[in-house]
1. Report yes if some residue within segment 552-569 is at pLDDT 80 or above, loosely packed, with under 10 Cβ neighbours inside 10 Å and more than 21 Å from LEU446 (Cβ to Cβ); otherwise report no.
2. Within segment 321-344, can you find the residues that are surrounded by 10 or more Cβ atoms within 10 Å (Cβ to Cβ) and over 27 Å from the mean Cα position of the chain (by Cα)?
3. Just one of (1) surrounded by 13 or more Cβ atoms within 10 Å (Cβ to Cβ); (2) over 19 Å from LEU204 (Cα atoms) trips up GLU274, so point out which.
4. On the given criteria, is ALA160 at pLDDT 85 or above and open to solvent by less than 40 Å² (accessible area, probe 1.4 Å)?
5. Quick one: is VAL510 under 20 Å from ALA380 (Cβ atoms) and among the aliphatic types (A, V, I, L, M)?
6. Starting from segment 488-514, keep only residues that are without any contact (Cβ under 8 Å) to a residue 24 or more places away in the chain and within 22 Å of ALA569 (Cβ to Cβ), then list their pairs with residues that are open to solvent by 80 Å² or more (accessible area, probe 1.4 Å) and part of a loop (DSSP other than H, G, I, E, B) whose Cβ atoms are within a distance under 9 Å, requiring at least 6 positions of separation or different chains.
Amino acid sequence: MSLTCGPAHADRRVALVIGNSAYKSAPKLGNPVNDATLVGGMFKKAGFDSVDVRLDLSASEMRRMLREFAGRTRDAEMAVIYYAGHGIELDGNNYLIPIDASLETDGDVLDETIPVERALFAVEPAKQLRLIILDACRDNPFAKTMKRTLASRAIGRGLAKVEPTSPNTMIAFAAKAGSTASDGDARNSPFAAALVEHLPKPGLDLRKAFGFVRDDVLKATGYKQEPYVYGSLGGDDVPLVVKPAATGPQANPQEAIRRDYELALQLATRDGWEAFLAQYPDGFYANLAKGQLNKIGAEETRATAEQKARAAEQEKARLIAERAQKAEQEKAAAAAKAAEEARIAAEKKKEIEQAKAEAAERERKAAEAAAAKALAEKQAAEKAKAELAAKQAAERAEQAAKPAADRQLPEVEQKVAALSPGPTSPLSAADLAKSVQSELRRVGCLTSAAEGEWTSAAQRSLTLFNKYAGTQFDVKLASVDALDAVKAKPGRVCPLVCNFGFKADGDQCVKITCRAGYRVGDDNECEKIQEKKPVATREDSRKRDADRKATEAAPSKPEASGQIFCNSAGCRPVQKGCRLVSGATPGRYNAAIGSGNYEVCN
């Protein structure tokens, strides 16, 4: 309808385009005039009924143009104002700056600029759409030189957020509130180029059109500039250019959409999918196209991240090559140190856990070995008891076969037998004595050969066994209990005692061998041989003979024998001036109390 209205409905869509570049008190801007010309041409091609393009306006000219435009909007369905140039924000309010503004102080803003509310007032009479597009978010040079009359007065960067109070009103910023826009390197700014690309598309709702503008500007500026739209519209689509009604027979629309989708799928580019969505913004194929576009976006994001990572690595190499500043080096060193400490901590933790596992394994093996040893000792004891029982049974059978006269013992042996319980020991006294002596010899408590008689040497050896094994058997006779106790010991019980000139080596006595110039001394240790003294004179000889006679007349002193003495405290060599005596009476000398061998001194 907006394209076919007759003269009775003139000025149904009107637009005012202003571009300020030639500022008198600030550097000239290159793009606003070009952008205004481009956008004005876009409105004219879109079929607007009235498009007024004005360039480089002073304050009075801007006020006059806004006043005249407000008169044209009274009968309009749609009114649009596009402004390109400098703008400023003061205390939360936005102002458009004419080319003749000097703005020496912040108070001049109220007198030399045009409030954005004045533009809103100009488009307010429009019935369907009120649109203001501000490409005025550039870095403002006036704010840097302007004097403040009040220190607390805020002058923002870019423009402040605007919330329109009139319905169906939209205000589009080239950059989000509080940020600045870029002019770009081309003839037109990225924002103006995106506007003329998407706004005139027939039937495209303005909200989607500005969404496409936002995407294009973000991509063109490396995601540094984000356009933003304030205000709201109703639920119906509001295109800037109405899509012409179709005439004549129409083919199946889904078939055409499918063909276009397959064509875009063959291209597989962002431009292809964006063109498809611009043509078909809704529906099943639109959702598929959005998915394909998201896939391309993800790949672009990945490529961007990879490129940034490569750039970071190159920057790192450059910093190292050029000897980067100390702070950056320390930061990198701290990160490396933290990583190394984390690695060391992980290794230590691993070693600790491994040590714990090895300790547990050792404890398990020790427990198994102890259990196996205990089982072996138990089996050995049971085997010894079984052998003894078998031997006793054989001897009992042998005793039963002998005549009664042969089983009579001498009176002394009968007394010994009476002292020991007969029923518990079927062995003969001679065999029992010999067996006990053999076992005592095996555990190192008897040095002489085993005999069939229970001699004093056997008694001393059983005394030593009681001492070192902690038992209390009667040493005057051999008993089965003593035999069982000695058999139960797997190894040596009594310490090894070696004669002079020998020393203990495990379970054997080995001869002490001294190197050249040394001999075995009284303490059973190697000592250096003293050199021979010069031949004495006759007088020295007589004196030596007198000393010898006096020495021979004096009582002889005991000398060290090189023997080893053992008691409950352990084993040690016999002290110098002492000797080892067997069978001495305890308490008579300076000796250890007990039976067997004694150390006698002086």
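1. No.
2. ALA324, GLN325
3. With respect to (1) surrounded by 13 or more Cβ atoms within 10 Å (Cβ to Cβ); (2) over 19 Å from LEU204 (Cα atoms), GLU274 is out only on (2).
4. Spelling it out, ALA160 is indeed at pLDDT 85 or above and open to solvent by less than 40 Å² (accessible area, probe 1.4 Å).
5. In short, no.
6. From segment 488-514, the pairs are CYS509/ASN499.
So that you can scan it fast, the table gives a plain yes or no per residue for (1) modelled with pLDDT under 90; (2) of a type in the set (Ser, Thr, Tyr); (3) farther than 28 Å from ARG13 by Cβ:
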residue	(1), (2), (3)
ILE114	no, no, no
LYS127	no, no, no
LEU131	no, no, no
ALA136	yes, no, no
PHE142	yes, no, yes
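Yes/no per residue for (1) open to solvent by 40 Å² or more (accessible area, probe 1.4 Å); (2) in contact with a helix residue (DSSP H, G or I) (Cβ under 6 Å, 6 or more places away or on another chain); (3) modelled with pLDDT of 95 or more:
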{"position": "ARG54", "(1), (2), (3)": "yes, yes, yes"}
{"position": "SER58", "(1), (2), (3)": "no, no, yes"}
{"position": "GLU77", "(1), (2), (3)": "yes, no, no"}
{"position": "LEU110", "(1), (2), (3)": "yes, no, no"}
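The values are calculated or read from the model by the stated rules, or taken from the named source; none is laboratory data. Since we're looking at a predicted model, the values are computed, not measured. All Cβ positions, even for glycine, are placed from backbone atoms using ideal geometry, and neighbour counts span all protein chains on display. Each accessible area value is taken on the protein alone, full model and side chains, heavy atoms only, with ligands, DNA and RNA left out. Shrake-Rupley method; radii C 1.70, N 1.55, O 1.52, S 1.80 Å.
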